[in-house]
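Enquirer: Quick one: this structure, given as C-alpha cells, is what I'll be asking you about.
The values are calculated or read from the model by the stated rules, or taken from the named source; none is laboratory data. Predicted model, so just to flag it, every value in this text is computed and none were measured. Cβ coordinates were reconstructed from backbone atoms using ideal geometry, including for glycine residues, and neighbour counts include every protein chain displayed.
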Amino acid sequence: MKRIVLPLISSLFLISSWSFAQNDIDALRYSSTTFGGTARYMSMGGAFGSLGADFSSLSTNPAGIGLFTKSELTITPSFYIGSTKSTYNGIDAKDVQYNFNLSNAGFVLSSPTSSGTSVFKRFQFGFGVNRINNFNDRQLMEGYNSMNSITDTYVDFANGISYIDLEDDPNGNYAFDLSPAWYAYMIDTIAGSGGYEYYPAVPAGSNLYQRLEKNTWGSMNEMVLSFGTSVSDRLYLGATLGFPYIRYFEELSYTEIDKDGSIDDFSELRQYNKLTTTGSGFNFKFGMILKATDWLRLGGSVHTPTWYDNMSDSWYSEYSTQFDNGDSYFKRSPIGNYNYRLETPWRAMGSASLLFFRSWIISTEYEYIDYTSAKLRSPGYSFYDENRDIQNKYRPTHNFRLGTELRVDAMYYRLGAAYYMSPYNNDINNAERFYLTGGLGVRDKNFFLDIAYAHSMSNYNYYMYSSPNVVPEPVDNKSFTDNIVLTLGFRM
C-alpha cells in the first residue's frame, strides 16, 4: 500500500501540549463506591448506618464504633466472580474474571471511662482497611458491522490537520491516537487535498467483524482511623479520618477483520491500549446514632469529598494493520504520564432500624451523592471541558439499602438488598445496580464466624468507538458479580 503524499523530512521541533487521558469517566469511576468489608455488613445489604458495632461501619457511619462494648479484631477474605454478557448487532458473547482479595482487616479498642458518673460511658479507637470498590472485570464484545469502522473516527478527527503534523508530533497532541493510526496506514491522505483530508483504510459499507476485549483489575481500599464515644448509652458519636488508595489497570484490545474476504486490499487491524492509574487521598466522616427507644435506632452521617492529591496515569497504545498484498505495519506510541488531582462529591446518609424482642432486626439506609460536583484539577491544565462534561453527563443519585437479621440461639440468619441509582443524566446510559445478599453467622462471647454471599446486576450500553460524526450501534452489556466473603472475629 503506497501513500499518495510522500513523507516530508523536517528538522523543525514542534512544541505541543500533552494529550490528556483524564476525563469524566475517570471522575465517575473513582467517585463510585460499593458496600464492602465484613460478611455481616455485606449479608445485610450494607444497611448498617443505625446499627453499628461492625467494623465496616467505620467507612459509612463512624458513629457505629460507639456501640462496641468490647475490643474486637476482624479479618475478611473474599472470593469474587465478575461476568459480563454482551450483545452487539445480534451476536452474543460472554467472559468471566475471578479474584481473591482481602475485603476487610481491622481492630477496635473499646475502653470504659474511669469515672462511673460520666455521661461518656466508653471511648473507642479503630484502625484497619475496608474494600470500597472492586475493578476486576473481563468483557468480550463482538459482531458484524457494515455501517462504519474505527478508521472512520480517525478520519473524522484528522480532517483539517496536516499529515506533516501527524508525523512530526511524536510526543504531543496526536502521539497516542492519530499519529500511530497514520503510521499504521489506518488512514491516508486524499489526492489533491494538500495533505489535509483523509480516507479510511476500510471502505464505507464494508462487512467488518469487530471484536473488543476489555480487561480491568485493581481496587479501591480505604484505611480508616476512627474515634467514637457513647453518651449515656443513648447517643453514639464517631469520626473517621479515611485514607483511600486506588490501583486501577485497564487493557483494551480492539480488532477489525475482513472475515469473508469481501473488502478490497484490507485484511485486519488491531489497536491495543494500556492504562495504569494509582492514587491516594484523604477524607473526613462524621456520624451519630440515637437510641430513640429500646426498639428504634436512628443514624446519620456526612462524608466530605475525598481529595486525591497525587493521582497518576500512565498509558500507551499500539496500532497494527495487515493488507491483502502482504503488507503489514505496526506503530507503538510513547508512554504517556500525567499527574493530577481529583475531588469526589460530598455524601450524606440517613438510616433507621427496628429491633424486635432482641432477636430480630430490620434496617434501612438512604444515601445521597451528587456526581456533578466531582472535579478534576491540575496546576498546568484547567480541565474546564472535562469538568463541564461531568456537570452535563451526570446527576445526583439516591441509593437505598435494606437488611434484616434473625437470631436463633447462637445462630444468625441474614438477608439484604440494595439499589444504586444510575449516575447518568438524561438517559445517556442506564447503569443502575441491584444487589441481593444473604448470609449466616455464629457467635459466642469471644469469637464469631460470619459468611455472606452478594450478587449484583447492572445493565449498560458501551460504545466501541465514537467521534462527532461517527457512532456505531451500542453494545448491550449485562454485568453480574458474585462475592463470597468470610469474616473471622475475636473479642477481647
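Enquirer: So for the stretch 255-277 (the condition being crowded, with 17+ Cβ neighbours inside 10 Å, among the acidic types (Asp, Glu) and in a loop (DSSP other than H, G, I, E, B)), does at least one residue qualify?
Expert: Yes, some residue in the stretch 255-277 is crowded, with 17+ Cβ neighbours inside 10 Å, among the acidic types (Asp, Glu) and in a loop (DSSP other than H, G, I, E, B).
Enquirer: A follow-up question, please. Just a yes or no: is a residue in the stretch 232-245 more than 30 Å from residue 82 (Cβ to Cβ) and hydroxyl-bearing (Ser, Thr, Tyr)?
Expert: So far as the stretch 232-245 goes, yes, one or more of its residues are more than 30 Å from residue 82 (Cβ to Cβ) and hydroxyl-bearing (Ser, Thr, Tyr).
Enquirer: Please work out which one of (1) touching a helix residue (DSSP H, G or I) at 6+ places or on another chain (Cβ under 7 Å); (2) assigned to a strand (DSSP E or B); (3) more than 28 Å from residue 101 (Cα to Cα) is the condition residue 398 fails and give its number.
Expert: Looking at each condition in turn, residue 398 falls short on (1).
Enquirer: For the stretch 61-89, give me the residue count where each residue is hydroxyl-bearing (Ser, Thr, Tyr) and under 30 Å from residue 461 (Cα atoms).
Expert: Total meeting the criteria: 7.
Enquirer: Here are some residues: 430, 399. Which one is polar (S, T, N, Q) and surrounded by fewer than 18 Cβ atoms within 10 Å (Cβ to Cβ)?
Expert: On the way: 399 fails: surrounded by fewer than 18 Cβ atoms within 10 Å (Cβ to Cβ).
Of 430, 399, the one residue that is polar (S, T, N, Q) and surrounded by fewer than 18 Cβ atoms within 10 Å (Cβ to Cβ) is 430.
Enquirer: What number of residues in the stretch 69-106 are among the aromatic types (Phe, Trp, Tyr) and surrounded by 17 or more Cβ atoms within 10 Å (Cβ to Cβ)?
Expert: Total satisfying the criteria: 2.
Enquirer: Which residue pairs have Cβ atoms under 6 Å apart, sit 6 or more places apart or on different chains, and have a first residue in the stretch 479-492 that is farther than 17 Å from residue 44 by Cβ and a second that is among the acidic types (Asp, Glu)?
Expert: 491/72
Enquirer: For the stretch 105-158, name all the residues that are farther than 30 Å from residue 465 by Cβ and assigned to a loop (DSSP other than H, G, I, E, B). First the steps, then the outcome.
Expert: First, the residues of the stretch 105-158 that are farther than 30 Å from residue 465 by Cβ: 105-132.
Result: 113, 114, 115, 116, 117, 118, 119.
Enquirer: Quick one: is residue 104 of a type outside the set (Lys, Arg), within 24 Å of residue 448 (Cβ to Cβ) and in contact with a strand residue (DSSP E or B) (Cβ under 7 Å, 6 or more places away or on another chain)?
Expert: Yes.
Enquirer: Which of the residues that make up the stretch 326-368 are crowded, with 18+ Cβ neighbours inside 10 Å and not in a strand (DSSP E or B)?
Expert: Selection gives 333, 344, 345.
Enquirer: Specify the residue that is nearest to the chain's Cα centre (by Cα); the eligible residues are those in the stretch 332-359 that are over 30 Å from residue 180 (Cα atoms) and among the aromatic types (Phe, Trp, Tyr).
Expert: That would be 346.
Enquirer: Now a separate question. Anything in the stretch 22-39 that is touching a residue at least 60 places away in the same chain (Cβ under 8 Å) and not small (Gly, Ala, Ser)? List them, or say none. Break it down stepwise before answering.
Expert: Filtering the stretch 22-39 down to residues touching a residue at least 60 places away in the same chain (Cβ under 8 Å) leaves 22-24, 26-39.
Once the filter is applied, which keeps residues that are touching a residue at least 60 places away in the same chain (Cβ under 8 Å) and not small (Gly, Ala, Ser), the stretch 22-39 yields 22, 23, 24, 26, 28, 29, 30, 33, 34, 35, 38.
Enquirer: Pick from 386, 473, 405: which is within 20 Å of residue 214 (Cα to Cα), among the acidic types (Asp, Glu) and either modelled with pLDDT of 95 or more or not in a strand (DSSP E or B) (or both)?
Expert: When all the criteria are applied, what remains is 473.
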